[in-house]
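The values are calculated or read from the model by the stated rules, or taken from the named source; none is laboratory data. As the structure is a computational prediction, the values presented were derived from the model and not from experiment. Please note: Cβ atoms are built from the backbone with ideal geometry, for glycine as well, and neighbour counts cover all protein chains shown.
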Amino acid sequence: MPSDHYSIFSVLLEALRGQSGWRPAWRKASPKPAYDVVLVGGGGHGLATAYYLAKRYGLKNVAVIEKGWVGSGNIGRNTTIVRSNYLLPGNVPFYETSMKLWEGLEQDINYNAMVSQRGVLNLYHSDGQRDAYARRGNAMRMHGVDAELLDAESVRSMYPWLNHDDARFPIKGGLLQKRGGTVRHDAVAWGYARAADRLGVDIIENTEVTGFRIADGRISGVETTRGFIAAKKVGLACAGNSSRVTAMAGLNLPIESHVLQAFVTEGIKPFIDGVVTFGAGHFYISQSDKGGLVFGGDLDGYNSYAQRGNLPVVEDVVEGGMALMPRIGRVRLLRSWGGIMDMSMDGSPIIDQTPINGLYLNAGWCYGGFKATPASGLCFAHLIAKNEPHEVARGYRLDRFRTGHMIDEKGMGNQPNLH
Amino acid sequence: MSGDQSFRLSKHGLVDRSRPFRFSFDGVEHDGYAGDTLASALLANGIHLVGRSFKYHRPRGILTSGSEDPNALVELRTGARREPNTKATTIELYDGLEAKSQNRFPSLRLDLMAVNGFLSPVFSAGFYYKTFMWPAAFWEKLYEPMIRRAAGLGSAAMEGDPDTYDKANAFCDVLVVGSGAAGLMAALAAARSGARVVLADESFTLGGRLLAENRSIDGKSSAEWAKTAVAELSALPNVRLLSRTTVFGAYDGGTFGAVERVSDHMIQPAAGQPRQRLWRIVAKQVVVAQGATERPIVFGNNDRPGVMLASAARTYINRYGVAPGRTAVVFTSNDDGASTINDLASAGITVAALVDTRSALPEAIEARAEALGARIFEGGVVSDALGRSRVTGARIIDASGAVHTISCDLIVVSGGFSPNMQMTTHLGGRSQWRDDIAGFVPGTLPKNMSAAGAANGSFSLASCLADGARAGSSAASGAGFDAKPIAVPSSDDEPSSVAAFWHVDRAKHKAFVDFQNDVTAADVALAEREGYRSVEHLKRYTTLGMATDQGRTSGVNGLAILAKLTGKSIPETGITTARPPYTPVSLGALAGEHRGKHFKPFRLTPSHNWAKAQGAVFVEAGLWLRSLYFPKPFENDPLTSIIREVNGVRNGVGFCDVSTLGKVEVHGTDAGKFLDRVYINMMSTLPVGKARYGAMLREDGIMMDDGTAARFAEDRYFVTTTTVNAIKVVQHLELCKQWHWPDLDVQIVPSTDQWAQYSVAGPRARELISRIVDKPFDVSNEAFPYMAVAELTALGGLKARLYRLSFSGELAYEIAVPARHGELLARTLMEKGADLGVTPYGTEALGVMRIEKGHVGGPEINGTTTAGDVGLGKMASKKKDFIGRTLSERSGLADPNRPRIVGFRPVDRAARLRAGAHFVNRDAEPTAANDQGYLTSVAYSPSNGHWVGLGFLANAESRMGEIVRAYDPVRGGDTLVEVVSPVFVDSEGARLRV
Amino acid sequence: MRIRCPHCGERALDEFTYLGDASITRPDPASPDAASEFYTYAYERRNIAGPTQELWYHQAGCHSWLVVTRDTRTHEISDVKLAEDVASKRIKTTAGAA
C-alpha cells in the first residue's frame, strides 16, 4: 500500500522499506476539455486558490495552468517572511487572516512548510520613526494583532550583537510582532499543490496560456500551448507577468513589473533567531533552518522582466547589512536572485473581478506576496465562487485608483519603484 | 605521521622551499611552504580528514584543488577574524595560519553527530516536509530548535570584523577572466593590439592549469611558459594583472563584479591595506576563460577522505610537490583521467589499478599502465571505497561482473569535465549540451562576451592555446582595435576522448552526488518517485547543488541520474540557472567602507563646528546632523533645556540654523507662470519684495511639500522646501520644466548648499537683526513688514538675503549669507545678541514652537494626506490648473468625511501625550471599527504649561470641545483629550506682525 | 546598466533615478475627459516586456531628464535622448497639428 498521508508513522514505515512507497506529491495532469474554473499561474497564490476552491467552496472541477514548473515564480524567490504588521485598515485584517491560516496550515494541508513564528522586529532610529511604529502597533492591537514597541535596551538584550554603539543611525528601539516569522517557501507551493491534487484539482505544468476566448464581454476559456481549455470562470494569479497576461484580454493594469533581488549566504551556525529589519537602510534578514542568512533590500528601481538585478543594489543592500551587523563581514554571499514583482500603484494588491465577465484578477502583490499566500488564495477563491469580495479583501478593488481610494502604506503614491 | 611533511616530493612543485611556514590545524602544528595552499600543506603532512558533512556528519577529505571543493571547509583564523566555511583548497598558506575543522562534536575524529548517518533511512530527502507537524505548537518549541542546533557548518565571528574593505573601479577594452592557457593567450592577443586589458585570476599565481600539469609548450615546461607570458603582460603599460581576484558576476552594460583578496594570505592586513577590494570592472569585451570543473563519479562511499579528483591529484603532485597517497586506484571514464597514471608514477605513487568504464583504453595508456604494473579493468567500475576516515581500498567490479578488492590509500576519480561557463549565463545566455565532451558549453552568449579554452569545451592544451588566441584577437577587434592573429605556440598533444559515465548503480553503500549537502543517488531517485522531476524541483527538494560549491561538482551528475530515471536526455532534462556570485564573496567586500559611522555620509550645517563648541546635542535628520538642543551646565534633562530655549525665544530672541531647508532659484520670464502650475496657490501675483507660503501636490493629488516662494525680481523667484524633500522637489521641478512645459522660459538652480540660513525669532528679533544687516537698511515694521524679503548686505559687506518669515508665531526673520560665512554669522548673532540674552535653539525647540503654532510638518505631510486634510484646502486656487489638481478631485480624496488636522490637549493637564496614539470616542471600545484618527505631533508647551498635540480626526470641524480617548496600547497609554484649535499660541497672529 | 547621458557621457546606473513610462504625457487639464485621462496617465503606464521608452533623471550629474529606450527583458539600452528635446518636438508637432 503506498504511503499517502504524511506522518511520523508513514516516514518510519518508508524508512524500513527504502522509501519505495511514496506517491508523487501531485499528479502530472493533462488538461481536460473543460473546467468550472481555470486558474492561470501555478505559484503559491494560484495553488492556494485552487485548494480553497475545492476545500471550502466545493468547486473541485478546477485546473491550475502553469507555464513552467510548479512554484517557479516568486513563491520560490523571496525571503520567506510572514507577518501581519500592517498599518492601514484596508490591509491589517487581510494579512492577519493570512497569519491565522499560516498558523494552522500544516495540519490543514498535511505538509510541513516549517511555519516558524520566531518574531519580526522592525528597528527604529529616530523619534519620528518610533511614533510612526507606535501608530502602526496601535492599529495592529486595535485589530487584535499582537504588537510590542521595544526600547533600545530591550532590542539590545534580544540582539546584543547588532551595531548598538558605533552606528551612523543609532538603534532606538523596534516594533516587534512575535507571531511573525518565516516559512519554507517552496514547501508552500508543493504543499498546496499536493493538497489541491488530493481534492481532485488538475495541476497542469509546462503549459502556457496564449490567449483568452472572449465573446460579448464574457470569457469562455483559455487558449494554451496544449490547445483550448473551456472554463466557466478564469482566475489570473500571474504576479510579475500579470500585465503581459491581461494584455491578451485587452486590459491595462495599474501595475508595473520590477525586479527585486534577494540573497543568501553560506550556511553558518544559527545566531539570528527571528527576522530583523533595518530602519535606516534597505535591509531585512533572517536565518534559515539550514543556517544561510537570507536577506534583501529595495527594488532595483526600474521596470524589468529579466529576473536579475544589478550591482549597485547588491552593494546597497549589503552596506545596510554591515552597518547593522558588523559581525557578518567575513560571512560569504552564496547566491543572489531576482524576482519580478507586480508592483501596484499604491503598494497594495488587487483581488477583484475584471470588466470581462468571468475573468478574475489577483495581482499587484509588490514584494509582499509570499506572506499573503494563504489569504490571497482564500479571498480569491471566495470571489470566484461567490462573485463578491471576501470581507477582509473589500478594499482591494481594481478601480480604487480611479476613485481615489488608495491603500498606500508607505505614502509613496503612484511611484511603484518607491513602495 | 604528521608534522614531518612526509608526503612532500623532493623534485616536484612550484612551492618555495626556502620559505617554510608553520601553521596549525585543530591545534596541532605542522609545516608547509610558501606557495602551498592549506590543502596541499595538510596533504604534505599526510592529513586527509579535514571536515564533516552537513547532514550525516560523515568524515570528509580533500576532493579538489580549487574553489569548487565541497568538502574541505574549515574555520580559518580566530576571534573577530574567524572565517567559517573557508575552502582549504583556496587558502594560501601563510606563517602562523590557524585553522579548525567545523561541524563536529567533540572532535573531528570522534563526531557524535555521526549518529545521523545511522538514521539516514529516515533522514531521506524531504523527510522534514512529511513530519514534525504534531502537535503544531511543538515546531517552535522542540523540533525547530533541534534542527537549528544542527544547522550550518562553521560559526560567524562574535565581534565586528576588524578589517577594512575597499572599492575600486576599472575600465578596460578587454577583460580576460582566467589565466590558464586560453586566458594568457587571449590576454596576449588583445594586449599586443594595444587594447587596455585586465586579466584576473582567482589564484595567487597566474597560470591556471599550466601550473598543475606536467606538459610542455614551445619546448618549455607549461609552468615556465606561463611565467614568460605573464612577464610579457606585466611589462605592458596597457595591461593590469589581478591575481587573487575572482570575477564573480556579470552585470548589465559590460559591468563585472570582482573581489581581490589583497591581504588574505597574511596573518592580518598590513597597515593601511584593506583585507579585500571590490572591483567594478567596466569592459567593452570580455573573454571567459575560467577552465572546467572535473566531475566525480557517483559510487559507494565516494565521499571518503582519500577519494580525489584526477586533476586535483595532478595539481598536488605538479604544482605543490605533494603525494596525495602512496598507493592509488585510478577510476575514470576518459583519457585525461587515465593519463594521471603518468603523474602518479612520476611521484613514486604505486598505481595499483586503472579502472576505466570504457571497454577499451587507448593503447598508449594501456601500455603505460602495464609497464607500471597496474591491474587494468577495462569496462570496470569502482563500486565502493573501503575505509572510513581514510580510504583503505577499492571494491572493483570488472567487466564480467566479478568483484575484486584492492588495497590503496588513494582513489583517483575522473568523470569528465564541466566547462565553467556560469558567467556566460548570468545575463540570460543559454548553454547547450555537447555529447562529445559530455558537458554543457556556452550556447547563446550575451553581447560582447566570448568563451575560450576549457570554459568553451576545448579541453586539449593545443586547442586551449589556439582558442584563447582567437578569442583575444576578436575581443580586441570588437573593442575597436586592429588586432592581428598572433602565433600560437606549439605544444605536445594528448588524447582527450570522454565517455559519458555518471553513476555506479551497483554500489553497496551510499553514493553521493552532492557531497556537502549529503545528497545521494537514492535521494535523487526518491525525488523523482515523488514527482519532483523538474531540475529546479530536484534541486530545491533534495538541496542538490545548493551547497557552497554552487553545484559545480554535483550539478551535472544529478541531472544525469534524473535524466536516466525519467528516460529523457540530459539537455531535455535541463539545467538550473547560474546566478552570481561565481564563488562566494564576503559581505565585507560588498559593503566596502560603508559601515559603522561611515555607512552614509554626514551633511553638516554651516553652524556645525560652532554648535559643537557650544556643547550642542546633535540628531540625525536624513544625512544631516542638526543641533537638537544646546544644554547648559547642570541641565540634565533635555526637556529643561528645550523649555528654556522656547521661553528664550518667546520672551526675548533666539536663533536657529535652518540651512537644511531646500533652496531653489527659479528664474526666467515665465517663472511666475511656472510656479502657478506647481503650487496649489497663486505665485505670479506675488509682488516683488514679498514672500508667500505655498503648498505643492504630487500629480496624484496628495501633498508633496510646503514652503515659501520669495520674489526678488519680476523674473526671479527663490523657493524653499522642507529639509527632507529638498532633492525630490528639485527633481520634480526639473521634470515639470524639461518634460511637461519645455516651452516656458524658466531655469531651476538648486542652491541648498550655497546659503547659510538662520531663523532669528522673538520679540527682540528686530533689535538683533538691525545689528546684523548693514546700514542703511531699514528693518522697521513699516519699511520691512511681515512677509517682506530683500537682498542686501550684512556683517559689513557680505551678500545677504533677509526674509520676514515666522514659523514660531513670533516676530521673526530668516537671514541668509553665503554658506562659507555661516559660522561667522552664528558667532556674530551670539556676540551682538549678548545683551539681549540671545538663545541659540535647536530642532526640538523649533518643533515645539511649530506645534504650538499649529503648523503642519513631516508627520502630517506623510504621503497619504491631502491639502484639505492638513488644513490648507482653502489655499488651492480654483482659477488655474496645477500639478495634482485633477486627481485631487477624486471622490476618495475630496470626501468631506476624511480625518482633518485639529489640536488636542489632555483633560488632565498633567498628562503626557504621545504621537502615534489612536483616537476613539470617549465611551467606545478601542477596536479598529471605532478608530477615529491618530495623533501626529506632540510637544510639551511651555507657553501653555501642558502637553499639546496635532492629529487627524474624523469629522474634526464639528467636534471642537469634545473629549476623546488617545489610545496607545503599545506604550500603555489611554488618555482623555479635548479637541481644540490647532493654534495654541497667539491665535490672532498679532505677535508676528509687530 | 550604464546610461550614455547626452551631456555627461556614459555613466553608471547609480547616478540615475527612474521615473517610468515616457509614452504617456500629461493630459490637457481642460479636456472634458480630464479625470479619466489623468487616471490613465498616472496609473496605467505601459508595462510591456520588450523595448520601452522611459524617463530617467541624471540625479548625480547634470539634472537632465532623459528618454531612454531600453528593453525590459534584457536591460539593453538602444537610445538616450534629452527629455527636453523630445518634449519640445512633441509640443511643436501638437501645435502644428492644431
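Conditions tested, residue by residue: (1) more than 27 Å from B:Gly429 (Cβ to Cβ); (2) away from chain C (no Cβ under 14 Å); (3) assigned to a loop (DSSP other than H, G, I, E, B).
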| site | (1), (2), (3) |
| --- | --- |
| B:Ala258 | no, yes, no |
| B:Ser263 | yes, yes, yes |
| B:Ile267 | yes, yes, yes |
| B:Ala312 | yes, yes, no |
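Under the condition of being in a strand (DSSP E or B), away from chain A (no Cβ under 12 Å) and over 18 Å from the mean Cα position of the chain (by Cα), the residues counted in region B:269-283 number 1.
Given the condition in contact (Cβ under 8 Å) with a residue 40 or more places away in the chain, more than 9 Å from chain A (Cβ to nearest Cβ), touching a Gly at 6+ places or on another chain (Cβ under 9 Å) and surrounded by fewer than 23 Cβ atoms within 10 Å (Cβ to Cβ), answer yes or no: does some residue in region B:538-553 qualify? Within region B:538-553, none of the residues are in contact (Cβ under 8 Å) with a residue 40 or more places away in the chain, more than 9 Å from chain A (Cβ to nearest Cβ), touching a Gly at 6+ places or on another chain (Cβ under 9 Å) and surrounded by fewer than 23 Cβ atoms within 10 Å (Cβ to Cβ). Scan region A:205-215 and give yes if some residue there is touching a strand residue (DSSP E or B) at 6+ places or on another chain (Cβ under 9 Å), closer than 30 Å to B:Thr131 by Cβ, modelled with pLDDT of 95 or more and crowded, with 20+ Cβ neighbours inside 10 Å, otherwise no. Yes, region A:205-215 has at least one match.
When B:Asn169 is tested against the conditions (1) touching a strand residue (DSSP E or B) at 6+ places or on another chain (Cβ under 9 Å); (2) surrounded by fewer than 20 Cβ atoms within 10 Å (Cβ to Cβ); (3) free of Cβ contacts under 8 Å to residues at least 40 places away in the same chain, the lone failure is (3). Once region A:1-40 is narrowed to residues that are free of Cβ contacts under 8 Å to residues at least 40 places away in the same chain, touching a Gly at 6+ places or on another chain (Cβ under 6 Å) and at the interface with chain B (Cβ under 9 Å from one of its Cβ atoms), the residue that is surrounded by the fewest Cβ atoms within 10 Å (Cβ to Cβ) is A:Pro24.
When B:Phe952, B:Phe919 are checked against the criterion of being in a strand (DSSP E or B) and either free of Cβ contacts under 8 Å to residues at least 60 places away in the same chain or surrounded by fewer than 16 Cβ atoms within 10 Å (Cβ to Cβ) (or both), a single residue qualifies: B:Phe919. Scanning region B:743-763 for residues that are farther than 20 Å from B:Met787 by Cβ, buried (at least 21 other Cβ atoms within 10 Å of the Cβ) and over 37 Å from the mean Cα position of the chain (by Cα) yields a count of 1. If you take the residues of region A:51-62 that are farther than 16 Å from A:Asn110 by Cβ and of a type outside the set (Lys, Arg), which of them is surrounded by the most Cβ atoms within 10 Å (Cβ to Cβ)? Per the stated criteria, the residue is A:Leu53.
Residues of region A:96-131 being in contact with a Pro (Cβ under 8 Å, 6 or more places away or on another chain), of a type in the set (Gly, Ala, Ser) and more than 7 Å from chain B (Cβ to nearest Cβ), which ones? A:Ser98, the sole residue that qualifies. Among the residues of region B:843-854, is there at least one that is of a type in the set (A, V, I, L, M, F, W, C) and over 30 Å from B:Ala611 (Cα atoms)? No, region B:843-854 contains no residue that is of a type in the set (A, V, I, L, M, F, W, C) and over 30 Å from B:Ala611 (Cα atoms). Per the listing B:Asn944, B:Asn930, the residue uniquely modelled with pLDDT of 95 or more, surrounded by fewer than 22 Cβ atoms within 10 Å (Cβ to Cβ) and within 10 Å of chain A (Cβ to nearest Cβ) is B:Asn930.
Just one of the numbered conditions (1) closer than 30 Å to A:Arg400 by Cβ; (2) modelled with pLDDT of 95 or more; (3) among the charged types (D, E, K, R) is not true of C:Glu76; which one? C:Glu76 satisfies every listed condition except (1).
Scanning region B:432-456 for residues that are buried (at least 22 other Cβ atoms within 10 Å of the Cβ), more than 14 Å from every other protein chain (Cβ to nearest Cβ) and either farther than 27 Å from B:Ile62 by Cβ or not small (Gly, Ala, Ser) (or both) yields B:Ile437, B:Phe440, B:Pro442, B:Ser450, B:Ala451, B:Ala452, B:Asn456. The set of residues from region B:764-791 being surrounded by 17 or more Cβ atoms within 10 Å (Cβ to Cβ) and either part of a strand (DSSP E or B) or in contact with a Pro (Cβ under 9 Å, 6 or more places away or on another chain) (or both) comprises B:Val773, B:Ala788, B:Val789, B:Ala790. Out of A:Phe295, A:Phe283, A:Phe271, one residue alone is of a type in the set (Phe, Trp, Tyr) and at the interface with chain B (Cβ under 7 Å from one of its Cβ atoms). It is A:Phe271.
Total residues in region B:820-843 satisfying the condition of being basic (Lys, Arg) and more than 40 Å from the chain's Cα centre (by Cα): the figure is 2.
Being part of a loop (DSSP other than H, G, I, E, B), within 14 Å of chain A (Cβ to nearest Cβ), within 30 Å of B:Trp741 (Cα to Cα) and not small (Gly, Ala, Ser), is that true of even one residue in region B:885-907? Taking every residue of region B:885-907 in turn, at least one turns out to be part of a loop (DSSP other than H, G, I, E, B), within 14 Å of chain A (Cβ to nearest Cβ), within 30 Å of B:Trp741 (Cα to Cα) and not small (Gly, Ala, Ser). Of the residues making up region A:133-156, those that are more than 7 Å from chain B (Cβ to nearest Cβ) and either among the basic types (Lys, Arg) or in a helix (DSSP H, G or I) (or both) are A:Tyr133, A:Arg136, A:Met140, A:Ala152, A:Glu153, A:Ser154, A:Val155, A:Arg156.
Annotation: A:Arg308 fulfils all but one of (1) more than 8 Å from chain B (Cβ to nearest Cβ); (2) at pLDDT below 95; the unmet one is (1).
The condition of being under 18 Å from the mean Cα position of the chain (by Cα) and within 11 Å of another protein chain (Cβ to nearest Cβ) does not hold for A:Met322. Cβ separations smaller than 6 Å between residues 6+ apart or across chains give the following pairs from region B:846-866 residues that are closer than 18 Å to B:Thr721 by Cα to residues that are of a type in the set (Phe, Trp, Tyr): B:Arg850/B:Phe807; B:His855/B:Phe807. In region A:328-346, the residue that is surrounded by the most Cβ atoms within 10 Å (Cβ to Cβ) out of those that are out of contact with any Leu (no Cβ under 9 Å at 6 or more places or on another chain) and not in a strand (DSSP E or B) is A:Asp346. B:Pro84 fulfils the conditions (1) part of a loop (DSSP other than H, G, I, E, B); (2) within 28 Å of B:Gly291 (Cβ to Cβ); (3) under 29 Å from the mean Cα position of the chain (by Cα); (4) of a type outside the set (S, T, N, Q) except for a single criterion, (1). Tallying residues that are outside any strand (DSSP E or B) and farther than 27 Å from A:Val234 by Cβ within region A:5-48 yields 18.
Number of residues in region B:390-431 that are within 17 Å of B:Ala328 (Cβ to Cβ) and assigned to a loop (DSSP other than H, G, I, E, B): the value is 6.
For (1) closer than 30 Å to B:Gly428 by Cα; (2) facing chain B (nearest Cβ under 10 Å), each residue gets a yes or a no:
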| position | (1), (2) |
| --- | --- |
| C:Arg4 | yes, yes |
| C:Ala12 | yes, yes |
| C:Thr17 | yes, yes |
| C:Ala34 | no, yes |
| C:Arg46 | yes, no |
| C:Ile91 | no, yes |
